[in-house]
1. Identify the residue in the range A:52-82 that is part of a loop (DSSP other than H, G, I, E, B) and at the interface with chain B (Cβ under 7 Å from one of its Cβ atoms) and, among all such residues, is least open to solvent (accessible area, probe 1.4 Å).
2. Tell me, yes or no, whether the range A:113-124 has at least one residue that is open to solvent by 20 Å² or more (accessible area, probe 1.4 Å), in contact with a strand residue (DSSP E or B) (Cβ under 8 Å, 6 or more places away or on another chain) and more than 9 Å from chain B (Cβ to nearest Cβ).
3. Could you pull out the residue among A:Ala127, A:Ala109 that is facing chain B (nearest Cβ under 10 Å), among the small types (Gly, Ala, Ser) and in contact (Cβ under 8 Å) with a residue 12 or more places away in the chain?
4. Is the range A:89-96 home to any residue that is touching a Ser or Thr at 6+ places or on another chain (Cβ under 9 Å), more than 30 Å from B:Leu677 (Cβ to Cβ) and part of a loop (DSSP other than H, G, I, E, B)?
5. Have a look at A:Ser59, A:Ser70 and point out the one that is in the same structural domain as A:Ser14 (by TED's automatic domain parsing) and within 15 Å of the chain's Cα centre (by Cα).
6. Between B:Ala141, B:Ala87, B:Ala114, B:Ala132, which is at pLDDT below 85 and either outside any loop (DSSP other than H, G, I, E, B) or crowded, with 24+ Cβ neighbours inside 10 Å (or both)?
7. Give the residues of the range A:2-15 that are open to solvent by 10 Å² or more (accessible area, probe 1.4 Å) and either at the interface with chain B (Cβ under 10 Å from one of its Cβ atoms) or in a strand (DSSP E or B) (or both), sorted by residue number.
8. Could you please give the count of residues in the range B:144-157 that are open to solvent by 50 Å² or more (accessible area, probe 1.4 Å) and part of a strand (DSSP E or B)?
Amino acid sequence: MSSFNLKVNGNKVSVTADDDTPLLWVLRDELNLVGTKYGCGIGQCGACTVHVDGVAMRSCSIPASRLTDSDITTIEGLASDKLSPVQEAWKELDVPQCGYCQAGQIMTATSFLKQNPSPDNEEIRSAMHGNLCRCASYNRIEKAVALAAKKMS
Amino acid sequence: MKDQNKVTFSRRSFIRTSALASGGLLIGFNFLTACEETAKPPVDISKLNFNEFNAFIEIADNGYVTIYSPNPEIGQGVKTSMPMIIAEELDVPWEHVSVKQGDLDTKNFQRQVAGGSQSIRFGWDALRQTGATAKQMLINAAAAKWAVDASTCKAADGIITNANGDTLGYGDVVNEAAGLEVPEDVSLKSPQDYKIIGKDAINVDMEKIITGQPLFGLDYTSEGMFYVSVARPPAFGQKISSFDATATKAVNGVSEVVQFGDKIAVLASSTWAAMKGKKVLQIEWTSDGNLENTSDHNDELNKILDRKNLDVRREDGNVEKAFAEADKIIERTYESPFLPHNCMEPMNFYANITEEKVHLVGPIQTPAGTARRIANLINRNEEDIHLEMTRMGGGFGRRLYGDFALEAAEISNLTKKPVKVVFSREDDMAAGIYRPAIKYRIKASLKDGKVTAYHLKEAAINSNMYGLIPHFFPAGAIENYKVESGNYRSNITTGAWRAPYTNFLAFAEQSFFDELANELNVDAVQLRLDLLSNVEDGKDPNIQYSAKRMIDTIKLAAEKGKWGKTNANTYQGFAAYYSHNTHVAEVVDITLNNGQPKIEKVTVAVDCGIVVNPTGAKNQIEGGVIDGIGHAMYGDFSFEEGKPNDVNFNTYRLIRMRETPIVETHFVENELSPTGLGEPGLPPAGGALANAIRNATGQILTKQPFIKELNTRKTDLTI
């Protein structure tokens, strides 16, 4: 076990965990930030997506102890006093079914739109291809990313 | 078919009211009793207490309404749509309504179930009656206050108005209403007057979902709780011979290792520590039965199909005679693999069993049966059990089975600690209760340009088609008709998977119809309409589908999907299927890209009666269709020596964004009672796709997943 500091959603937090503990489990079990979801543990489903220095990363596959110098943003930190444009788009189009994968979808979409603010449909499809939705709400995710881009422009 | 205004039960048998201590009215109703088709008063009403109620409406003295949704939410939208029905008849603005998940009541957990797309179908009458009764009580209370006849008062949007134009809000009369008799004669709204039903209402948990608030079983924690990872036999047919936990106990955070049955539980202070501890357990497994292979299952299922006499499930006329007299006979065998459910939220459950109480929390489609089984397992009274239902990260049938909840209960009972069992993805896929592998053999005869006989044989692992499935279309449409089934008993656990049996049966039959159409040189849609024209609705009580409704649905899909009118590069496929009391027809459009199909669009027509929440309803259809296409294309699951070949998403392929078609949904408009939507969109999708591929390439697909037969390049995941 070792102790280290992380910066999560703008707050400095102290964590005690084994060096190999993935960020996912530190967020969920130590910091009680359970919006980041466990889906596969091997970076294949995208349910655990967070932002590390603004870039979408799979929190199940990065040890938290390596992120002491990074800014980490989770789904809980995305909205300030109001919902982000991506969250607004998700709400407006009534995207979720079970809802479990949606935090990861929103985090992937948010990071993607920062890099590509006016994507076409093919670019949206490619950007979101790594995030599984078992309920297959894919049509609405695709539309919501496009709507969010419009809201942000 | 039930007329939507005809209701047969007595409200007194299932509704009771009381004043809230904090001011306000509490209306309890026995959702289960109320949902029975011929509900009788279960006991003397005066002896009922609130333990017998499992669904509640709270009306606060400011007029705001809280509805406790009785049925589990697995993503099918009932937590939104069921309260909408109550709010409609209660006549309150939807903005004044908030919805909470009701807990399982310890005394009355007979049928709080999500499954079979039946929540809305069974709830429709009861929910409307409850809302209308509550509204009438508020009107009666206002009338008493004004000293006027209640029949001269009206209520709408949470406000009661009398003949003089005086008004009172619902909140102004809740305390008086709490003391009144439950009225017997209430009238229901006419569908033309609906203000909430038929309008889009977004998911009631939306804000929590998109901001990452705790909602799901996996998110639940309690003070002093231990995370538990369980080692289970890696192959079906194995048991524990011995184990050594020395390395596990050396893992930071691991506190305890206990064996229960042929499983070992690792308790730890974090999920990661529990999973790590499990990985380093040294376990000797020994075989305790057959270690089965998919190739053996293939042989066994073929043997069943070759057998002369199986279990006859429906028989009309004489198929053998028709075959003997036929101009031509067509026969085809269709094959499907096992399928895991792969809910995105892996199985998990919390249990805290103490001498005083049994506290259970988690995602479960069958809280009632599970609570009962746990009571038996740990030898406790059902009254001691308090089960809280969380939102579920998908169900698809997997959470009908309480195995994971029983594990949590057993471990908590053994260790006397609050525990949460968490399956890893590998555990979830390897300890599944799978859709069984199934084969269908269909044989039909043609004579004088007509289908004269149809003989379907089912060979399945462990169990066969249930209920009225043998009477689904084309039963009733073909004079000589026979359905037979048989099964092979395997030690691999199998169970319900979204649209059980019909998820593959529809593919087999709908593909076969296209072959018949081809042989008869008839358009594929026309063949189905011709067959349906042979069916007289209501003649055979076993035949639940309506030929008239199916014909209308097929015509709507053909019209909206521009059947037969697309450009030269687009190929179409058609399928229509009735399941879970809902009629669905689908047109799939594909193009070819280097000879490989690209699925562009699916146009869907649905007759589910009145559409309660259109946005939620379309979401179910979009998801069901893409799920059906995804599993038909990619779903593959096999066993070697009792062990599954895939245990995570690196090798098990689920459909992803780039492979998805655009789904366009149209509803047949009518005022018939609503039916479910969680499942019926799925069954026709695979058949419609196979038919489109056949029309494009000439290749006849008989085995799922199609990807193996199409021999396309491997998946290229972009992560």
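1. A:Thr74
2. Checking the range A:113-124: not a single residue is open to solvent by 20 Å² or more (accessible area, probe 1.4 Å), in contact with a strand residue (DSSP E or B) (Cβ under 8 Å, 6 or more places away or on another chain) and more than 9 Å from chain B (Cβ to nearest Cβ).
3. A:Ala127
4. No; the residues of the range A:89-96 include none that is touching a Ser or Thr at 6+ places or on another chain (Cβ under 9 Å), more than 30 Å from B:Leu677 (Cβ to Cβ) and part of a loop (DSSP other than H, G, I, E, B).
5. A:Ser59
6. That would be B:Ala114, the only listed residue that is at pLDDT below 85 and either outside any loop (DSSP other than H, G, I, E, B) or crowded, with 24+ Cβ neighbours inside 10 Å (or both).
7. If the condition is that a residue be open to solvent by 10 Å² or more (accessible area, probe 1.4 Å) and either at the interface with chain B (Cβ under 10 Å from one of its Cβ atoms) or in a strand (DSSP E or B) (or both), then A:Ser2, A:Ser3, A:Phe4, A:Asn5, A:Lys7, A:Asn11, A:Lys12, A:Val13, A:Ser14 are the ones that fit.
8. Residues that pass the stated criteria total 1.
The values are calculated or read from the model by the stated rules, or taken from the named source; none is laboratory data. The structure displayed is predicted, hence computed values, not measured ones. Every residue, glycine among them, receives a Cβ derived from its backbone with ideal geometry; neighbour counts consider all protein chains shown. Quick note on the areas: whole protein, heavy atoms, side chains included, nothing else; ligands and nucleic acids left out. Shrake-Rupley method; radii C 1.70, N 1.55, O 1.52, S 1.80 Å.
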